[in-house]
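Here the structure is laid out as structure tokens; the discussion comes afterwards.
Readers should treat all values here as calculations from the given coordinates under stated rules, not as data from a laboratory. Here the structure is a predicted model, which means the values were calculated and not measured. Glycine also receives a Cβ, built like all others from the backbone with ideal geometry; neighbour counts cover every protein chain displayed.
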Amino acid sequence: MRDIKKSLKTSILLIIISLIISIGIKFSLKIDNPVFLKSYLDMNYYENEDMYSFSGHNLELKYITNKGDKRQVTSVIFDNAPYLDLIVSENNISGFMTFYNGVNSNIESYGPYDIHTVFVDLDMSRRNKKLEEVIELDKAKVYFNNGESMDVDLGKIILSKYKENQSPLDSIGMNGSSDGSSQSIFYVTDNIFVSKVYSQLFEYSRDLLEFNIDKLGYLEEQDVVYNKYEHLYFTSQFHNIEDPSRKLSRYDIKPNIYFEDKDGNEYMKEVQNISYTPNFNFKDIYNYLKSQGEL
């Protein structure tokens, strides 16, 4: 009987110790505020007859919260462009409701953390303001539905006016593979001289990827001749990103090809299909929060 009581006390003590350890771990992993992930994106906007709008797709922002945090972002105002009229929601702006029984299905859970997705769309009348050809977006103030707000660094987003023009360089295809490599192919309709291929976002991403143009190899600023009816190839591949402070960032780089035709007319052509989207898991989220001093 005495042994049974002793065993019972030992079991209860172990349960209490385990509970204390679990509570301690839970509190040690808790973050004080939402943590926004950085994005490095080349994006275009359309200048329609009456409105400005993003071309192709919405801007998506992601942030980390403690599991079960119910707040939602309702507004984003960029420091460099507070005049932009943006539609902001954690519902999918495409028109499909993403709530089921009052739960935001755009939230992904990883251990004690949730990843929220914020959809941002441009819906601005041309009568309000004439937009610049290029707008750089980085820091912003975000507002939540509980009345709170916070200043955040969202990385670097280069928003450029979309220009559709005829040039002696036609995009004819893109392809990618499971190893993260991709290729963009152009067809040359007249003799051209390529001087450089450049994006402002190379400053933040060039060490993370291989990006080459045939006939030139590594990107250097020197003229390369492409003759009529030739093909021009770009290949790219992101490295396996090991730096925890950069591993959860999103990259979508669209450098411009700068070139001239035989008559000296200057052109730019956008190269697409150079992107990196992080795969989330508890380990990488934890390491990211540690790298940012949040834990």
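Quick notes
- Net lengthening on full extension, Asn281/Ser177 (0.36 nm per residue, minus Cα-Cα): 35.2 nm
- Over the stretch 169-276, the ratio between the Cα radius of gyration and 2.2 N^0.38 Å evaluates to 1.11.
- With the cut-off at under 13 Å, measuring from each backbone N in the stretch 138-160 to a point 7 Å along the Cα-to-Cβ line of Ile87 picks out no residue.
- Per-residue Karplus couplings for the stretch 182-195, computed as 6.51 cos²θ - 1.76 cosθ + 1.60 with θ equal to phi - 60°, are listed in order as 8, 9, 10, 10, 10, 10, 8, 9, 7, 4, 9, 10, 8, 9 Hz, Gly and Pro entered as x.
- Note on Val134 and Tyr233: the extension gain reaches 33.0 nm, defined as 0.36 nm multiplied by sequence separation minus the Cα-Cα distance.
- For peptides 164-175, 250-261, 281-292, sequence by mean Cβ density within 10 Å, most packed first: 250-261, 281-292, 164-175
- Relative contact order (percent, whole number), the stretch 148-295, Cα cutoff 8 Å, 6+ residue spacing: 24 percent
- If you plug the beta carbon distance of Asp123 and Tyr143 into 1/(1 + (r/R0)^6) with R0 = 22 Å, you get a FRET efficiency near 0.80.
- Residues whose amide H falls under 5 Å from that of Asn80, counting only those 5 or more places apart or on a different chain, are Asp138, Lys139, with hydrogens built in the peptide plane.
- Distance between the 7 Å Cα→Cβ label points at Tyr110 and Glu242: 1.9 nm.
- The calculated FRET efficiency for the pair Lys290 and Tyr162, based on their C-beta separation and a Förster distance of 35 Å, comes to about 0.30.
- Taking every alpha-carbon pair in the stretch 35-162 and binning the separations at 5 Å intervals from zero gives 2, 10, 20, 24, 19, 14, 8, 3, 1, 0 percent.
- Computed as a quarter of the hull surface, the mean projected area of the alpha carbon convex hull for the stretch 223-294 stands at 7.0 nm².
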